[in-house]
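Asks: Take this structure first; my questions come after.
A short reminder: the numbers here are calculations on the coordinates, not readings from a lab. Computed from a prediction, not measured in an experiment: that's the story for all the values here. Neighbour counts run over all protein chains shown; Cβ positions are idealised from the backbone, glycine included.
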């Protein structure tokens, strides 16, 4: 369970497992325990337990035995990157009645856990160090630990691991800065990506080492990038000409020719050899499958086209919404049925439907089934389908562990326990949330897949809150405002405000304003009441 304390990138986790799995396989008594190698590799890398320690526990067959409370204190301290703090303690006082029962080596770790409000004593001020810890107790501790690392921005260093991926395409833009620069790269499927460049990036042009100022638009480039999208190595080629435009006419009879209308609205014709490579939406096709008005990028060498990358004017993408970036302008991310991740920018001209009926963007949710229609890869329409809730009720118990579970009481009072998927999508009112944000007593509507809950929509008790930030979208029909609230710690959160006839709207001078006076991009200060998981604006001040 401790190994899941951090959200570690899958590629990085795979490299960590590759590092330790061979030695784990050689240890004695590991038969049928291969499932644990991923978790054990992570805690070894985090410095929670050494390889020798793991080997000793396998040999003694104690590795899966229930741990004591003081043992968990030691492990959790190390997992939270607080091991050095514990080891450097010189003078400290343990406030527990049974402090003398704590083993000498564990005392500084227990103190650190007490100091961080992770471990507390029982009603008799006992820590009970030798007692076996229960799953419920460790779930509570992990909840506290997760909040601590989140609030204190704790994340382990993985300096020995620099996972990289390859990205090849055309440079479409170069942006230079003093600390960090960027290039925009469009691949053969016409998908554009942003690559960061810093002082450590190795840059080559036609095989020679150069500075970033030598990189130009329309150069071919091969990139090796790490998990933070920073380029480790760039290899650019300026020998190929790149021309973009719209197909006007294709002559298939030898010698084949293609006529395009370029970005300057000039009509230009190019010769094509018989072995020209042609791609449509990233898939290789025959030359005759190109269509008029499709957008093309031509690769030209010695005045002859040797490769054509074409994209259909109108395309549809079916899949599931995986994320929505509410920083203005809004960006929708989806995973297609083919497993491809796509990103689309939303604007007010996009036609929005839900279940094939007119709707508005504030009704779009992560987890919705979606069809996105594009014209030259710009979103022009989005249709979402939401799953109906399979059951509703009240949360009676939340169990955090290797397999998270929730007990829900239905309207007849009957309580049922459900397993919760690791990929569950949770919303509280209009806000995205995690299982750690749920509370006993919340009313929920859930959907399941197999035997697991995959979506939870929760509603909490009515409270009053203040919000300050920028309006990013206005649903004039239903009088709903989407705003980017800036919290006290500087972080941003998406908030939906419902405006009623009782909402008082005014500007900084106190002059009365109306719903029609609200504009996207304006900053507002609002006091709102939480009702059944939705925020109803009591007042809005236009700043």
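Asks: Between segment 97-137 and segment 31-66, how far is it from one alpha carbon centroid to the other, in angstrom?
Replies: Using only Cα atoms, the two centres lie 23 Å from each other.
Asks: Next question. Where does helix 135-151 land angle-wise versus the long Cα axis of the chain, in degrees 0 to 90, nearest 10?
Replies: 50
Asks: Do me a favour and compute the ellipsoid semi-axes for segment 246-311 from its Cα gyration tensor, root of five times each eigenvalue, largest one first, whole Å.
Replies: Working: eigenvalues 47, 41, 26 Å².
They are 15, 14, 11 Å, listed largest first.
Asks: What fraction of the Cα pairs in the chain, stated in percent, has a spacing above 37 angstrom? Write out the running numbers ahead of the final one.
Replies: Numbers: 73937 of 147153 pairs.
Roughly 50 percent, once rounded to a whole number.
Asks: Shape call for segment 314-385 from the C-alpha gyration tensor, a ≥ b ≥ c root eigenvalues: rounded (a/c under 1.5), prolate (a/b greater than b/c) or oblate?
Replies: Since a/c stays below 1.5, the shape of segment 314-385 is classed as rounded.
Asks: Taking the 0 to 90 degree range and rounding to the nearest ten, how far is the long axis of helix 51-60 tilted relative to the main principal axis of the chain, both from C-alpha atoms?
Replies: 50
Asks: Then there's this: Helix 10-26 versus the longest principal axis of the chain: what is the Cα-based angle in degrees, 0 to 90, to the nearest 10?
Replies: Compared with the principal axis, the helix lies near 50 degrees.
Asks: Sort 29-40, 511-522, 365-376, 195-206 by the packing proxy (mean of other Cβ within 10 Å over each peptide's residues), most packed first.
Replies: 365-376, 195-206, 29-40, 511-522
Asks: Rank these for me by crowding, 247, 540, going from fewest to most other beta carbons within 10 Å.
Replies: On the way: 247 19, 540 26.
Least crowded to most crowded, the residues run 247, 540.
Asks: Using a/c under 1.5 as the rounded threshold, could you call segment 64-105 rounded, prolate or oblate? The axes a ≥ b ≥ c are square roots of the C-alpha gyration tensor eigenvalues, and prolate needs a/b larger than b/c, oblate otherwise.
Replies: Oblate.
Asks: I need the calculated FRET efficiency for the pair residue 246 and residue 304, taking r as the beta carbon distance and R₀ as 30 Å, to the nearest 0.05. Intermediate values should be presented prior to the final figure.
Replies: Working: r = 20 Å, r/R0 = 0.68.
The computed FRET efficiency comes out at 0.90.
Asks: Something else now. Give the order of 535, 473 when sorted by the count of other beta carbons within 10 angstrom, beginning with the fewest.
Replies: Lowest to highest Cβ neighbour count: 473, 535.
Asks: Using the eigenvalues of the Cα gyration tensor, what equivalent ellipsoid semi-axes result for segment 391-459 when each is taken as the square root of five times the eigenvalue, whole Å, largest first? Each step should come with its number before you reach the end.
Replies: Values: eigenvalues 48, 41, 26 Å².
Largest first, segment 391-459 gives 16, 14, 11 Å.
Asks: Let me ask something additional. Could you tell me how far the Cα centroid of segment 294-330 sits from the Cα centroid of segment 186-239, in Å?
Replies: Segment 186-239 and segment 294-330 have Cα centres separated by 19 Å.
Asks: Let me ask something additional. Using Cβ counts within 10 Å as a stand-in for footprinting exposure, how do 64, 119 rank, fewest first? Could the numbers behind the result be given before it?
Replies: Details: 64 10, 119 24.
Sorted ascending by nearby Cβ count, the order is 64, 119.
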